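What follows is one structure encoded as structure tokens, with my remarks underneath.
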Amino acid sequence: MPLFLIARIAGRTVAIESSQVESVVDIGAVIPVPRAEQHVRGLAALRSRVVTVIETRAALGLPAGDGSAMRAVITVVEGHHYAVLVDALEDVAAFDLMPLSAGVALDKGWQRVGRGIVDRDGEPILVIALDMLIPGSVALAA
């Protein structure tokens, strides 16, 4: 049974397969990047490396938050490190991944990143693919 990180993004509880997670951090100062896509909040220093900070709400096509999200899941896509902002981190637990059923209605952004669901004590939780939140990645082009 794979492990999943349970997080909250834009008021929704989501599950992220642990194979996508390098670490979980609090992000410090973020330096804006001129002319970057709206989902890129900027760059941040993390353990002697620079990471691109992804504004998750914008990547999902949702209204901007208040900009206070500073917790992030670090993931590596195509050899580059990204900090995907989350509102909160809740737990790590093992679940069986189940496919999304045809009757599940998701908004466009959630539909693009949704990969299945897990059941946490009767609560269905959307499993998301972090690479689908990264602008310009091969995953987005597919």
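Some observations on this one:
- Full-extension gain in nm, E78 to R35, via 0.36 nm per residue minus C-alpha separation: 13.3 nm
- Net lengthening on full extension, M1/L89 (0.36 nm per residue, minus Cα-Cα): 29.6 nm
- Rh by Kirkwood over Cα pairs, then Stokes-Einstein D for the range 13-63 at 0.890 mPa s and 25 °C, µm²/s: 197 µm²/s
- The length gained on full extension between S23 and D96, counted as 0.36 nm times the residue separation minus their Cα-Cα distance, comes to 24.1 nm.
- Where only DSSP H runs of four or more residues are counted, the chain gives -1500 deg cm²/dmol as its mean residue ellipticity at 222 nm, each run worth -39500 (n - 2.57).
- Cα gyration tensor shape for the range 62-128, rounded if a/c is under 1.5, else prolate or oblate: prolate
- Whole-angstrom gap from the range 117-138 to the range 1-80, using each part's C-alpha centre: 13 Å
- The relative contact order of the chain comes to 28 percent, based on Cα pairs under 8 Å that sit 6 or more residues apart.
- Nitroxide proxy distance, nm - points 7 Å out along Cα→Cβ at D66 and D119: 3.7 nm
- Antiparallel DSSP beta bridges within the chain, percent to nearest 5: 85 percent
- Ratio Rg/Rh [Cα only; Rh per Kirkwood] for the chain: 0.95
All of the numbers you see were taken from the coordinates with simple rules; none came from a lab. Everything numeric here is computed off the predicted structure, so don't read it as measured data. In this analysis, Cβ positions are derived from the backbone assuming ideal geometry, glycine residues included, and neighbour counts consider all displayed protein chains.
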